[in-house]
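Below is one structure; the comments refer to it alone.
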Amino acid sequence: MTSEEKLYTLALTQLGYIGPDILLLLVQKTGNGKALYDVRNELDSLMPECSERLKTIIGGDWSDALKAAEKEMTFCDTNSIDILCFGEERYPHRLEDCVDAPVVLYYKGKTDLNCKHVINVVGTRHCTSYGADIVNRFISDLRLLCPDTLIVSGLAYGIDINSHTQALDKGFDTVAVVAHGLDTIYPSSHRNTAVRMIRQGGLLSEYMSGTKIERHNFVRRNRIVAGMSDACLIVESAVRGGGLITARIAQDYGREVFAVPGRLGDKYSEGCNLLIRDSRAALFTSAEDLVTAMGWQCDVELAKAKARGIELSLFQELTDDQRCIADLLKKHGDLQLNQLIVKTGFAIAKVNQLLFEMEMDGIIRPMAGGNYHLIQ
């Protein structure tokens, strides 16, 4: 994406309130904000179902929005913040199949947001010693079982900050999705942890600098936490709370959800117990169970084999079409059927046939959430 296209894409997010699903649809139909600007008076043909309000916003004056976008690009350049637009290589590809994915993300950090395994760990802001102990044990065990995992949370009090600090201490990269611009840290008491994360993970936001800290932004950011992850682990939650919102969104996105059980009557275990009771989350008992449920143990066994000097060669007899799928899975990590169809350009029937053949040959395996995993 050119600098001008990026400028107009940022400006698009500043025109007035447009739902994230509509913003994404506009970008998917045109490619970027500049392309949309060029056809802003032709929305009837581009989106016959669009409202009069949307036509007024898009067809109106973009000058103030462009000034804000230009100011933000300067701020990001000065402060080493990366601007990731939907469809770009470094944009979190797991978000690409989410209907309300952000059009623009602001990122300060070093880790790969598209690393092989990503899990979010969320829960109450009022975590107990039980919840803190669970987080500590889970991340310690995960470090032994699956060290190439990115830990995502929201930098809030309680389970979130415990997840980040334990990840940092155990050598994991960890990313916080925040509900404000990257010109500030909230809560301010977590600033030192945030600084550590910039060197060992990162901070991610869909909001420009100067954005006010408002309650609804925290709810909205939960969809990013859920969508950029392979799975959600909710450690402690009351019957209402942000962790439950993240778990619900993760389930809607087809991600796996795990919940830690607690004693009957414990306020901050009621939400988790209800998720398990209603079969909306799998029972979490150990890191090993989660790794097995996600199918990540294949990678663990492969790592052990390579450590013993065993090299596996899987692709000697692949057809060109099979190799195309294998290369995509190797490059992007686990992908769903619809993503493979889009990226290969093959017909649905052809992709289904190729996936069946490759599964029978032990080259790929179906995973939780409808993903396909390359065994390499």
When Rg is the radius of gyration of the Cα atoms in segment 30-151 and Rh is its Kirkwood radius, what does Rg/Rh come to? 1.11
Can you order the peptides 266-277, 183-194 by their average number of other Cβ atoms within 10 Å per residue, highest first? 266-277, 183-194
Work out Dmax and Rg for segment 183-282 from the C-alpha atoms and quote the Rg first, both in angstrom. 15.2, 44
The chain - convex hull of the alpha-carbon atoms, volume per residue in Å³: 155
Dipole in debye (nearest 20) - the chain, about Cα centre, beta carbon charges: Lys, Arg +1; Asp, Glu -1: 1060
Accessible area of the chain with a 1.4 Å probe: how many percent of it is carbon plus sulfur? 49
Sorted by mean Cβ packing within 10 Å, highest first, what order do the peptides 342-352, 236-246 take? 236-246, 342-352
12 Å beta-carbon shell around Asp169, net charge (K/R +1, D/E -1): +3
Give the Debye-formula value of log10 I(q)/I(0) at each listed q (0.25, 0.27, 0.29 Å⁻¹), with one equal scatterer per alpha carbon of segment 145-185, two decimals each. -0.84, -0.92, -1.00
Taking H as built 1.01 Å from N, whose amide H comes closer than 5 Å to the amide H of Gln336, not counting residues under 5 places away? Tyr372
Residues whose placed amide H lies under 5 Å from that of Asp183, excluding near-sequence neighbours: Gly210
Holding the Cα-Cα limit at 32 Å, pick out from Lys29/Lys170; Lys110/Lys350; Lys34/Lys212; Lys110/Lys330 the pairs that are longer than that. Lys29/Lys170; Lys110/Lys350
For segment 143-290, size of Cβ-based charge dipole, Lys and Arg +1, Asp and Glu -1, in debye: 400
With each run of n ≥ 4 DSSP H residues scored as -39500 (n - 2.57), what mean residue ellipticity at 222 nm is computed for the chain after dividing by its residue count and rounding to the nearest 500 deg cm²/dmol? -14000 deg cm²/dmol
Using alpha carbon centroids, what distance separates segment 55-70 and segment 203-270, in Å? 32
Need one value: the accessible area of Met208 in square angstrom, 1.4 angstrom probe, rounded to the nearest 10. 20
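The values are calculated or read from the model by the stated rules, or taken from the named source; none is laboratory data. Computed from a predicted model, the values in this text were never measured in an experiment. When we count neighbours, we look across all protein chains shown, and the Cβ atoms used for this are built from the backbone with ideal geometry, even at glycine. Each accessible area value is taken on the protein alone, full model and side chains, heavy atoms only, with ligands, DNA and RNA left out. Shrake-Rupley method; radii C 1.70, N 1.55, O 1.52, S 1.80 Å.
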